[in-house]
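Here's the structure we're looking at; comments come further down.
The values are calculated or read from the model by the stated rules, or taken from the named source; none is laboratory data. Note that the structure is a prediction, hence the values are computed from the model and not measured. Note that each Cβ is placed from the backbone with ideal geometry, even for glycine, and that neighbours are counted across all protein chains shown.
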């Protein structure tokens, strides 16, 4: 799984602020609409981050468990949801708490593990018989212009690598290999970016980016775009039901 960049909440907070400032469609609300939460459900947020699901769970009577490798992430998520008295666990996605859970949410986390398929097997085994596993990930064609900037800054194709591990068609295949029913929900938004410092801060939030490089890259890209950079954000929500045990054991199938 990715290292120090995700041990603290700052990088994810910077990206969240960037998306909130430039997005027109509400991604978190879109995801929340696919959870189908009801009072009394036992819910595991696997890879909870700083508590992105707070908008949806804050008004519901749930038995909520928050899991993340980062102590800082778990602490902030528990603070966000303090009124719901969640149970926070600092731990690995491959060793989640014992089920069964009515809902397991794996939001933008499965592409961080070494073997997303094996992680799905473990999480699926924690589902109640009628439970749902909801996974989110980037889709093909997500923020291509920003992906090109990160490629220049890091020398690596971060966007394509993420989608190849768990995103787009790869995510669909891994889910369909393991669940009798899989619903696919695609979401998109168009960003018009004119705030050069905000773009630089977003670039700086990624691992492998030199602290001095994002400002120059953001300025050059914004100038080349005529002062307004337009790019498309594409995401995917996959909802799996009826987990089929032992159907696959790894990402390779």
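From 161, 181, which residue is farther than 16 Å from residue 117 by Cβ, surrounded by fewer than 19 Cβ atoms within 10 Å (Cβ to Cβ) and modelled with pLDDT of 90 or more?
One residue alone meets the criteria, 181.
A single member of 135, 119 is in contact with a helix residue (DSSP H, G or I) (Cβ under 8 Å, 6 or more places away or on another chain), crowded, with 24+ Cβ neighbours inside 10 Å and not in a helix (DSSP H, G or I), and it is 135.
Going through segment 86-103 one residue at a time, which ones are touching a helix residue (DSSP H, G or I) at 6+ places or on another chain (Cβ under 7 Å), over 20 Å from residue 132 (Cβ atoms) and in a loop (DSSP other than H, G, I, E, B)? Answer for segment 86-103, where residues must be touching a helix residue (DSSP H, G or I) at 6+ places or on another chain (Cβ under 7 Å), over 20 Å from residue 132 (Cβ atoms) and in a loop (DSSP other than H, G, I, E, B): just 94.
Results for (1) exposed (fewer than 15 other Cβ atoms within 10 Å of the Cβ); (2) modelled with pLDDT of 95 or more; (3) closer than 30 Å to residue 204 by Cα, shown as yes or no for each residue.
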| site | (1), (2), (3) |
| --- | --- |
| 48 | no, no, yes |
| 53 | no, no, yes |
| 59 | yes, no, no |
| 63 | no, no, no |
| 70 | no, no, yes |
| 98 | yes, no, no |
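Within segment 149-160, being without any contact (Cβ under 8 Å) to a residue 24 or more places away in the chain and either within 29 Å of residue 98 (Cβ to Cβ) or not in a loop (DSSP other than H, G, I, E, B) (or both) holds for 151, 159, 160. Checked against the criteria, residue 142 counts as over 30 Å from residue 128 (Cβ atoms), touching a residue at least 12 places away in the same chain (Cβ under 8 Å), assigned to a loop (DSSP other than H, G, I, E, B) and in contact with a helix residue (DSSP H, G or I) (Cβ under 8 Å, 6 or more places away or on another chain).
Among the numbered conditions (1) at pLDDT below 95; (2) assigned to a helix (DSSP H, G or I); (3) surrounded by fewer than 20 Cβ atoms within 10 Å (Cβ to Cβ), the only one that residue 211 does not meet is (2).
Is it the case, given these coordinates, that residue 198 is assigned to a helix (DSSP H, G or I) and surrounded by fewer than 18 Cβ atoms within 10 Å (Cβ to Cβ)? Judged against the criteria, residue 198 is a match. Using the structure shown, decide if residue 152 is in contact with a strand residue (DSSP E or B) (Cβ under 7 Å, 6 or more places away or on another chain) and either crowded, with 22+ Cβ neighbours inside 10 Å or modelled with pLDDT of 95 or more (or both). Judged against the criteria, residue 152 is not a match.
Taken together, the residues in segment 15-56 that are assigned to a helix (DSSP H, G or I) and touching a strand residue (DSSP E or B) at 6+ places or on another chain (Cβ under 8 Å) amount to 5.
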